[in-house]
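K.L.:
Please see the structure below; I have some questions.
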Amino acid sequence: MPHPLWSRIGGALVETLYPPLCLCCGAPGQGGMDLCPDCARELPLAGPACQRCARPLPAAAGPICGDCLRHPPAFDAARAALRYQWPVDTWIARFKFRGRLNHGRLLARLMAGQLLPGAQPPDCILPVPLHRHRLAQRGFNQAAELARPLAQALQVPLVPDAVRRTRATPPQQTLSAARRRHNLRGAFAVRAGFAPGHVLLVDDVMTTGSTLDELARRLKASGVRRVEVWVAARA
Ligand SMILES: [Zn+2]
Ligand SMILES: [Zn+2]
């Protein structure tokens, strides 16, 4: 463990050698982030949304969307930092598929800024797991990269091995709702005896929410009482 002073000097040196540059336009970044003040103002922040599934809602709507009132998901609450629109969709694609970790760092900083204020600290944080084949292919789990700084900020443990993905599932967006549910059945296995009271699941994008729903269902079946979801972006 380097002395904190050395880490600070090291951090300052990195900033001098590689000053933060806006990932949108290349202008100098601000506050140590790879984002300039102009592009920060244009960011598609999440705005008013369903408290249960994080789907964007008109400001005048109730706290819960009609879908969640009719068919509540297995998770208790969900929050997104951003909308899945330009430039966020591009950042996520570069982060996930081209291993550009600086894009992940910026997304994590934006999640912290949007989601930490007023948050109820969970007992632990779980990144949505990747199947081991996909993890080997990619070299990192994007959800774990986003979850780690949040766990540090909340001072709660990050538990990356509490849930395993037992099957590789095809991308869920291309399938019908019924097909998605069928596909995901038995896709996750929770470690025996893992049952904290309050778990926070972290992922990069929520599209239909079916993966997070299935994961929350498995956790609840194992004895977890409350499951919350935080994502960088909501489609
Ligand atoms: Zn910019
Ligand atoms: Zn909803």
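The values are calculated or read from the model by the stated rules, or taken from the named source; none is laboratory data. Only a predicted model underlies this, so the values are computations on that prediction, with no experimental measurement involved. Here Cβ is always computed from backbone atoms with ideal geometry, including for glycine, and neighbour counts include all displayed protein chains. The protein model used for the area step is the full one, side chains on, heavy atoms only, and it has no ligands, DNA or RNA in it. Shrake-Rupley method; radii C 1.70, N 1.55, O 1.52, S 1.80 Å.
K.L.:
Roll a 1.4 angstrom probe over the protein heavy atoms and tell me the percent of accessible area of the chain that is carbon or sulfur. Provide the component values of the computation, followed by the final result.
P.N.:
Details: 6860 of 12600 Å².
Ligands and nucleic acids excluded, carbon and sulfur reach 54 percent.
K.L.:
With only alpha-carbon atoms counted, please give the Rg and Dmax of the chain, in Å.
P.N.:
Gyration radius and largest Cα-Cα distance of the chain: 18.2, 55 Å.
K.L.:
Additional query: Using alpha-carbon pairs under 8 Å, 6+ residues apart, how would you state the relative contact order of the stretch 44-234 in percent? Show your work: numbers first, answer last.
P.N.:
Values: 345 pairs, mean separation 51.4, N = 191.
The normalised contact order for the stretch 44-234 reaches 27 percent.
K.L.:
Taking Cα centroids, how far is the stretch 67-125 from the stretch 211-235 in Å?
P.N.:
Here the two parts' Cα centres lie 13 Å apart.
K.L.:
Which value, in Å², gives the accessible area per residue of the chain when a 1.4 Å probe is used on the protein heavy atoms? Provide the component values of the computation, followed by the final result.
P.N.:
Details: 12600 Å² over 235 residues.
Result: 54 Å² per residue.
K.L.:
Further, regarding this structure: Sort the stretch 37-146 into rounded, prolate or oblate with this rule: let a ≥ b ≥ c be the square roots of the eigenvalues of the Cα gyration tensor; rounded if a/c is under 1.5, and if a/c is not under 1.5, prolate when a/b is larger than b/c, oblate otherwise.
P.N.:
The shape class here is oblate.
K.L.:
Give the residues of the stretch 218-235 whose amide nitrogen is closer than 20 Å to a point set 7 Å from the Cα of ASP89 in the direction of its Cβ.
P.N.:
231-235
K.L.:
Quick check: pseudo-label points 7 Å beyond the Cα along Cα→Cβ at THR174 and ALA153, how many nm apart are they?
P.N.:
3.5
K.L.:
Can you pull the three principal axis extents for the Cα set of the stretch 142-235, in Å, largest first?
P.N.:
39, 29, 20
K.L.:
Hey, with R₀ at 25 Å, roughly what FRET efficiency would ARG225 and ARG191 work out to, going by the Cβ-Cβ distance, to 0.05?
P.N.:
Working from the Cβ atoms, E equals 0.90.
K.L.:
Taking the Cα centre of the stretch 67-177 as the origin, how large is its charge dipole in debye, to the nearest 20, when only Lys and Arg (+1) and Asp and Glu (-1) carry charge on their Cβ atoms?
P.N.:
Once rounded to the nearest 20, the dipole reads 520 debye.
K.L.:
For ALA27, enumerate residues with amide H under 5 Å from its amide H, sequence gap 5+ or separate chain, H modeled in the peptide plane.
P.N.:
Answer set, sorted by chain and number: CYS22.
K.L.:
May I ask you to list the residues of the stretch 201-217 whose amide nitrogen lies under 20 Å from a point 7 Å from Cα along the Cα→beta-carbon direction of ARG181?
P.N.:
207-217
K.L.:
With charges set only on the Cβ (+1 for Lys and Arg, -1 for Asp and Glu), what does the dipole of the stretch 132-235 come to about its Cα centre, in debye to the nearest 20?
P.N.:
440
K.L.:
Let me ask you something else. Testing the spin-label approximation: label points 7 Å from Cα along Cα→Cβ at HIS71 and ALA27. State their distance in nm.
P.N.:
Placing both labels 7 Å beyond Cα along the Cβ direction yields 4.5 nm.
K.L.:
With a sphere of radius 14 Å drawn around the Cβ of TRP91, what net charge do the other residues whose Cβ falls strictly inside it have (Lys, Arg +1; Asp, Glu -1)?
P.N.:
Details: positive: ARG83, ARG94, LYS96, ARG98, ARG100, ARG105, ARG109; negative: ASP34, GLU42, ASP89, GLU145, ASP204.
Around TRP91, the surrounding residues sum to +2.
K.L.:
Then there's this: Rounded to the nearest 0.05, what FRET efficiency do ASP161 and GLN120 have when you use their Cβ-Cβ distance and R0 = 25 Å?
P.N.:
The value I calculate is 0.55.
K.L.:
Turning to a different aspect of this structure: Run the dipole for the chain about the Cα centre, Lys and Arg Cβ at +1, Asp and Glu Cβ at -1, nothing else charged, and hand back the magnitude in debye, nearest 20.
P.N.:
Here the size comes out at about 920 debye.
K.L.:
Could you check which residue among GLY29, GLY186, GLY118 shows the biggest mean-square fluctuation in a GNM of the chain with a 10 Å Cα cutoff?
P.N.:
Residue with maximal mean-square fluctuation among GLY29, GLY186, GLY118: GLY118.
K.L.:
OK, next. Helix-only estimate, please: 222 nm mean residue ellipticity of the chain, summing -39500 (n - 2.57) across DSSP H runs of length 4 or more and dividing by its residues, to the nearest 500.
P.N.:
Helix contribution divided over all residues of the chain: -11500 deg cm²/dmol.
K.L.:
When the chain is treated as a GNM, springs tying every alpha-carbon pair under 10 Å, which of HIS133, HIS103, HIS198 comes out with the largest mean-square fluctuation?
P.N.:
HIS133
K.L.:
If we count every other residue with Cβ under 12 angstrom of ARG185's Cβ, Lys/Arg +1 and Asp/Glu -1, where does the sum land?
P.N.:
+4
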